[in-house]
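**Student:** The structure under discussion is supplied below as structure tokens; questions concerning it will follow.
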Amino acid sequence: MFIDSVKFSVKAGKGGPGSRSFRREKYVPLGGPDGGDGGDGGDVYFLVDNNTHALLSYRGKKHFKAKNGEPGGGKGMTGKNGEDLVLKVPAGTQVLDENGEILLDLVEPNKKVLFLKGGKGGLGNARFKNSTNQTPNYAQSGLEGESKTISLELKLIGDVGLVGFPNVGKSTLISTISNAKPQIANYEFTTLSPKLGMVKINDFNSFIMADIPGIIEGASDGRGLGMDFLRHIERNKILLFVLDVANYRNLNEQFLTLKDEISKFSKNLANKAFAIALTKAEICENLDTVYNDFLKEFDFEKKQNLDISNKFDIKKPYFVLPISSVSNLNLDKLKNYLFEMLRVLK
């Protein structure tokens, strides 16, 4: 199961109380105060863990708490500090407060970040001895640790995000050109959770492609699965719209519907650089006609200029390319074009 959003409360440890103790030894009358300080409460940290890929370990849990500091002891002994709480999360996790404000954006692998500070341990009575008060009979209780109610949201980190209707060939494409192994079947919504795959260009260059469940019309109103997972391609630099030339919808209708649903979800996502792949080209009898008619929607000529040295036009795709994951039509071109886009954007 893939868990990408959880909510719970978290609290740092309370400081231990100081000791109210007096020295009691044979032949030492009126030994005076010797109470030690309490230990500090444990802190709360977030750790970006490369071996964690979802938030499943937090499922069903409502409270997390660091250990309290131990009380101080006699003979000036300081209490032991409370054990820290380390919350492990995958790269791409955002920590949000109750109002949805982002407190932490955890993307750097193996990074450990202090989130909540434990309470300070209380002072023992020995600390309060002075010339006018030789036998203080009081000590401090420890301070409470910081606490918050938070939400964790996972946004996977990739380079190219696939966007399309269900059953248009996104899973087949990512399984063909990357090392991802998604479930593939001849029915809608076989992809139930996001998938990442590494696309290899050569021995030295590669990029990460992300696939999410298909988006359907009305997704912004809660229909289907895709909108629940669109946050996972918000970090991607490029969107690749995957349109099906054999679909009952024409290509322009598919594109405009997907674009509209994405715009309703996030203006930032809708304004990303994008390209278009026309899938299942092997079964389209009039591919050239369909392809050229669709190019006219963007005022492209029949032969596109694939030089992207100039600034991107967010209203137009970098390229529109017919592909086939079955016959490998234009798959190498697709990988190279996407890699070139990423190179220029960087």
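**Student:** Taking the residues in region 18-51 that are of a type in the set (F, W, Y) and modelled with pLDDT of 95 or more as candidates, determine which candidate is surrounded by the fewest Cβ atoms within 10 Å (Cβ to Cβ).
**Tutor:** Y45
**Student:** I've got another one for you. Aliphatic (A, V, I, L, M) and modelled with pLDDT of 90 or more: which single residue out of I314, I276 fits that description?
**Tutor:** On inspection, the qualifying residue turns out to be I276.
**Student:** Tally up the residues in region 165-204 that are in a loop (DSSP other than H, G, I, E, B) and modelled with pLDDT under 90, please.
**Tutor:** 25
**Student:** How about region 250-290: which of its residues are open to solvent by 70 Å² or more (accessible area, probe 1.4 Å) and of a type in the set (K, R)?
**Tutor:** K264, K267
**Student:** If I filter region 209-238 down to residues being open to solvent by 10 Å² or more (accessible area, probe 1.4 Å) and touching a strand residue (DSSP E or B) at 6+ places or on another chain (Cβ under 9 Å), which single residue comes out as modelled with the lowest pLDDT?
**Tutor:** The qualifying residue modelled with the lowest pLDDT is D228.
**Student:** Would you mind stating whether F241 is modelled with pLDDT of 85 or more and closer than 27 Å to V107 by Cα?
**Tutor:** Yes; evaluated as a whole, the condition is true for this residue.
The values are calculated or read from the model by the stated rules, or taken from the named source; none is laboratory data. Just so it is clear, the structure is predicted and the values come from calculations on it, not from any experiment. Here Cβ is always computed from backbone atoms with ideal geometry, including for glycine, and neighbour counts include all displayed protein chains. Only protein heavy atoms, including side chains, enter the accessible area calculation; ligands, DNA and RNA are left aside. Shrake-Rupley method; radii C 1.70, N 1.55, O 1.52, S 1.80 Å.
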